[in-house]
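The structure appears right after this line, and notes come after that.
The values are calculated or read from the model by the stated rules, or taken from the named source; none is laboratory data. From a predicted model like this one, the values you see are computed outputs, not experimental measurements. Cβ: placed from backbone, ideal geometry, glycine included. Neighbour counts: every protein chain shown. Accessible surface is based on the protein model in full, side chains and every heavy atom, while ligands, DNA and RNA are left aside. Shrake-Rupley method; radii C 1.70, N 1.55, O 1.52, S 1.80 Å.
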Amino acid sequence: MGVALGFFLLLLVSNFFSSALYHLFPKIQLYMKIFGAIYLLYLAYKIGTSKGTDAQSFSNRYNNIKFGMLLQFVNPKGVIYALSVVAAFITPNFEHFSIQIILITYLALIGFLSSFSWSVFGSIFKKFINQHELAFNLIMALLLVYTAISILFT
């Protein structure tokens, strides 16, 4: 629940930030897209070249709503997603705040369902993923490259 609430707040803050920037500097959208695409390419490189991780190092003291919410504000992927999607699709196309809130709520729900399904499927396929880690990482890296390219050309 903390991830969902934190992601909603992150989208809300991103909307305010993006709206202000869009009205002050309309051309900043291109730079935000470029920055987001470069960061996704960096993540693709890190995932494609990563080694295994120690899943036992997770501490239960971080398994709470407060930490989940705060984590979203230091999660670079979430921040880049929030800034990119708001700047590219919401701010330039919808001026009424009520519509923006509805869309942000919808995006937060999608983000929560994505995280939830990632957790569920990760648990189900953990053994398979560990056995085929290199191929899995390469596929994930290629999907990030595709996403970065898509951001640049939308």
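Quick check on my link table: of Lys27/Lys66; Lys77/Lys126; Lys33/Lys66; Lys66/Lys127, which ones sit more than 27 Å apart, alpha carbon to alpha carbon? Working shown, then result.
Working: Lys27/Lys66 36 Å; Lys77/Lys126 22 Å; Lys33/Lys66 30 Å; Lys66/Lys127 30 Å.
In this structure, Lys27/Lys66; Lys33/Lys66; Lys66/Lys127 exceed 27 Å between Cα atoms.
Looking only at trypsin sites (Lys or Arg not before Pro) in DSSP loops with at most 11 other Cβ atoms within 10 Å, what is the longest site-free stretch of the chain? Walk me through the numbers before you get to the answer.
Working: sites that count: Lys27, Lys51.
For trypsin sites (Lys or Arg not before Pro) (loop position, at most 11 other Cβ atoms within 10 Å), the longest site-free span of the chain is 52-154.
Largest first, please: the extent of the C-alpha atoms of the chain along each principal axis, to the nearest Å.
Principal-axis extents of the Cα atoms in the chain, largest first: 49, 33, 20 Å.
Hand me the chymotrypsin sites (Phe, Trp or Tyr not before Pro) from the stretch 84-116 located in a DSSP loop with no more than 16 other Cβ atoms within 10 Å, in residue order please. Each step should come with its number before you reach the end.
Working: sites: Phe89, Phe94, Phe97, Tyr106, Phe112, Phe116; in loops: Phe94.
The qualifying sites are Phe94.
Suppose all protein chains stay in the model; what accessible area per residue would a 1.4 Å probe give for the chain, in Å²? Please report the intermediate quantities before stating the final value.
Numbers: 10600 Å² over 154 residues.
Heavy-atom accessible area per residue stands at 69 Å².
First compute the accessible area of the chain with a 1.4 Å probe, then give the percent of it belonging to carbon and sulfur atoms. Mind dumping the intermediate values first?
Working: 7700 of 10600 Å².
Carbon and sulfur atoms account for 73 percent of the accessible area of the chain.
Identify, among Leu70, Ser19, Thr154, the residue whose Cα sits farthest towards the positive end of the charge dipole of the chain, taking +1 on the Cβ of Lys and Arg and -1 on the Cβ of Asp and Glu, with the dipole about the Cα centre.
Leu70
Please give the length that would be gained between Ile129 and Val13 if that part of the chain were fully extended, namely 0.36 nm times their separation in residues minus their C-alpha to C-alpha distance (nm, one decimal). Present the calculation step by step, with values, prior to reporting the outcome.
Details: separation 116, 0.36 × 116 = 41.76 nm, distance 3.51 nm.
Between Ile129 and Val13, full extension yields 38.2 nm more.
How many nm is it between the label spots at His23 and Asn75, if each spot is 7 Å from the Cα in line with the beta carbon?
Spacing of the two 7 Å Cα→Cβ label points: 2.9 nm.
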